[in-house]
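Visitor: The structure is given below, and queries will be raised subsequently.
The values are calculated or read from the model by the stated rules, or taken from the named source; none is laboratory data. Note that this is a predicted model, so its numbers are computed, not measured. Positions of Cβ are backbone-derived with ideal geometry, glycine not excepted, and every protein chain shown enters the neighbour counts. Side chains are part of the model used for accessible areas, which takes the heavy atoms of the whole protein and leaves out ligands, DNA and RNA. Shrake-Rupley method; radii C 1.70, N 1.55, O 1.52, S 1.80 Å.
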Amino acid sequence: MRTAYSVETVRAAERALLARLPEDALMQRAAAGLAAACAELLGRVYGSRVVLLVGSGDNGGDALYAGARLARRGAGVTAVLLTPERAHGGGLAALRRAGGTVAAAGSPEEPVLRADLVVDGIVGIGGKGGLRPDAERLAGVVARSGAAVVAVDLPSGVDADTGEVRGAALRADLTVTFGAYKPGLLVDPAREYAGVVRFVDIGLAPPPAAAELEALQHADVARLLPAPAAESDKYRRGVVGIAAGSERYPGAAVLAVSGALRGGAGAVRYVGPAGDAVLARFPEILVSDAGPARAGRVQAWVAGPGAGDDAGNVAEVLEADVPVLLDADGLRLAERDTVRRRKAPTLMTPHAGEAAALLGVPREEVEGARLAAVRELAARYRATVLLKGSTTLVAGPAGGAVRVNATGTPWLATAGSGDVLSGLAGSLLASGLSAPDAGSVAAYLHGLAGRLAAAGAPAGAHDVASHIPQAWRNVRS
């Protein structure tokens, strides 16, 4: 599992290591990894033109020492000092000894425009807010230059702890981060600025504090996937109920069922007005028109996709003493106090617009501060919340580490894709996974299935559902 830690936690770990090392030894470790990544990106170091954007913090020192290593390999390295009086002395001396130069004060544009590679060492992980005016102008020159950009630890202008971008920031093609991942590298909108992230181990001990973020990998998901035992029957594997669809939106029911059928539960019950459409597509579904309370035994419910204004089924599902997933119209129709009073787990799966409505804030506020939004929703509703998006976040009601998933593709932004995700997650709930695990695993598989279905071209929600088994097999292989 990939974990990300707060700036305070990372700095405490660095201080503990620094106390045992000679001066600048830790910076030299970081610089070695940074220089190696830059050389790999360049392909040919000798004769290349490298510009270092150097701020006053340790990131600037890392950049200078890395620049010295590249200069010794034959690169033409120029440092642009944003605060010359506060540049790292040892790093600057090392660069000059290696043959690097410093750009004339007030005229950094020319070397930047001619650069093959720009190293962003302007602001460290403690930076708050966007770039200052001088750095913002320089970022504009970098964007016009067409040079490849490597960020030191974190792109300048993004918030390391929250992933927020409140002002101008520098976009990187590659970010080389040291010692531990920072939340801003895994959460949008900051993640978009980071490009490819490369981790460099500099010898930090595992931080004693809890992680802020967790990102499941294939092995983690494989361990969580339900598998039937020899004596299993359809009821022991779990039965998931789907209360979805309406006369106006029967397709939402069909798509939610399609996801549920591929999520590991042994049987799927459907309740709602779209029974004929569901049976026409999936004859194995158990259909009832008697309402959720009289539909038969289930281990989890999914309520809301395409439900329109049918608050009755949603309210009935919330009274059940089993895990419940709320999506789409179910989020709007569910009373917050009812959700908060539930003893069984609740998993809510809003997109940014739905989360904004629940929080009573503009959508842009949720999109700009996704980590804060998902935590606030989970606390308000005492529920597990899966906030959909380019990076899907899963937060539990008791706080702790937020799960982040980035397996998806922009092609998943298609009608009905969320209905498939809801059915898949509901099936995982019915098979026995906790709400955080069901949400995290469903998001992971759904993202992989989206990639497989699209393969670089548009795909419909039904294509995504049909590729879930292949995604499942890929994870288990």
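Visitor: Within 30 Å of the chain's Cα centre (by Cα) and hydroxyl-bearing (Ser, Thr, Tyr) - does that describe any residue in the range 329-347?
Guide: Yes, the range 329-347 contains a residue that is within 30 Å of the chain's Cα centre (by Cα) and hydroxyl-bearing (Ser, Thr, Tyr).
Visitor: Here's something else I'd like to know. Could you tell me which of the residues Ser434, Ser417 is touching a residue at least 12 places away in the same chain (Cβ under 8 Å), open to solvent by less than 20 Å² (accessible area, probe 1.4 Å) and not acidic (Asp, Glu)?
Guide: On the way: Ser434 fails: open to solvent by less than 20 Å² (accessible area, probe 1.4 Å).
On inspection, the qualifying residue turns out to be Ser417.
Visitor: Residue by residue through the range 112-125, note down the ones that are under 19 Å from Val45 (Cβ atoms) and open to solvent by 20 Å² or more (accessible area, probe 1.4 Å).
Guide: Hits for the range 112-125 are Arg114, Asp116.
Visitor: Considering only residues that are assigned to a helix (DSSP H, G or I) and charged (D, E, K, R), look in the range 170-215 and name the one that is nearest to Ala372 (Cα to Cα).
Guide: Arg191
Visitor: Which pairs have Cβ atoms under 8 Å, sit 6 or more apart or on different chains, and link a residue in the range 387-412 that is of a type in the set (D, E, K, R) to one that is part of a strand (DSSP E or B) and buried (at least 19 other Cβ atoms within 10 Å of the Cβ)?
Guide: Pairs that qualify, where the first residue is of a type in the set (D, E, K, R) and the partner is part of a strand (DSSP E or B) and buried (at least 19 other Cβ atoms within 10 Å of the Cβ), are Arg403/Leu213; Arg403/Glu214; Arg403/Ala215; Arg403/Leu393; Arg403/Val394; Arg403/Ala395.
Visitor: Quickly run through the range 316-330 and pick out the residues that are out of contact with any strand residue (DSSP E or B) (no Cβ under 6 Å at 6 or more places or on another chain) and under 26 Å from Val187 (Cβ atoms).
Guide: Asp327, Ala328
Visitor: Do any strands (runs of 3 or more DSSP E) lying entirely in the range 259-359 carry at least 2 residues that are open to solvent by 40 Å² or more (accessible area, probe 1.4 Å) and of a type outside the set (Lys, Arg), and which ones are they?
Guide: 286-288
Visitor: The conditions are (1) open to solvent by less than 10 Å² (accessible area, probe 1.4 Å); (2) outside any helix (DSSP H, G or I), and Ala135 fails exactly one of them. Which is it?
Guide: The one condition Ala135 does not meet is (2).
Visitor: Another question, if that's okay. Quick one: what pairs do we get from the range 1-20, first residue more than 26 Å from Leu216 (Cβ to Cβ), second open to solvent by less than 20 Å² (accessible area, probe 1.4 Å) and assigned to a loop (DSSP other than H, G, I, E, B), C-beta under 7 Å, 6+ apart or different chains?
Guide: Once the first residue is more than 26 Å from Leu216 (Cβ to Cβ) and sits in the range 1-20, its partners that are open to solvent by less than 20 Å² (accessible area, probe 1.4 Å) and assigned to a loop (DSSP other than H, G, I, E, B) give Glu14/Gly179.
Visitor: Using beta carbons and a limit of 8 Å, which pairs, at least six apart or on different chains, have the first residue in the range 178-196 and farther than 16 Å from Lys128 by Cβ and the second one in a helix (DSSP H, G or I) and hydroxyl-bearing (Ser, Thr, Tyr)?
Guide: Cβ pairs passing all conditions: Ala180/Thr9.
Visitor: Filtering the range 206-237 down to residues that are among the small types (Gly, Ala, Ser) and surrounded by 18 or more Cβ atoms within 10 Å (Cβ to Cβ), which residue is farthest from the chain's Cα centre (by Cα)?
Guide: Checking each candidate, the answer is Ala211.
Visitor: Here is a further query. What tally of residues in the range 88-101 results from selecting those that are buried (at least 20 other Cβ atoms within 10 Å of the Cβ) and of a type in the set (A, V, I, L, M, F, W, C)?
Guide: Residues meeting the conditions: 3.
Visitor: Checking the structure you have, find out if any residue of the range 240-254 is more than 20 Å from Gly416 (Cβ to Cβ), touching a strand residue (DSSP E or B) at 6+ places or on another chain (Cβ under 6 Å) and either open to solvent by 60 Å² or more (accessible area, probe 1.4 Å) or at pLDDT 95 or above (or both). Show your work before the answer.
Guide: Step one: filter the range 240-254 for residues more than 20 Å from Gly416 (Cβ to Cβ), giving none.
No, because not a single residue in the range 240-254 is more than 20 Å from Gly416 (Cβ to Cβ), touching a strand residue (DSSP E or B) at 6+ places or on another chain (Cβ under 6 Å) and either open to solvent by 60 Å² or more (accessible area, probe 1.4 Å) or at pLDDT 95 or above (or both).
Visitor: Collect the residues in the range 358-372 that are more than 22 Å from Val441 (Cβ to Cβ) and under 14 Å from the mean Cα position of the chain (by Cα), keeping them in residue-number order.
Guide: Those that are more than 22 Å from Val441 (Cβ to Cβ) and under 14 Å from the mean Cα position of the chain (by Cα): Glu367, Gly368, Ala369, Ala372.
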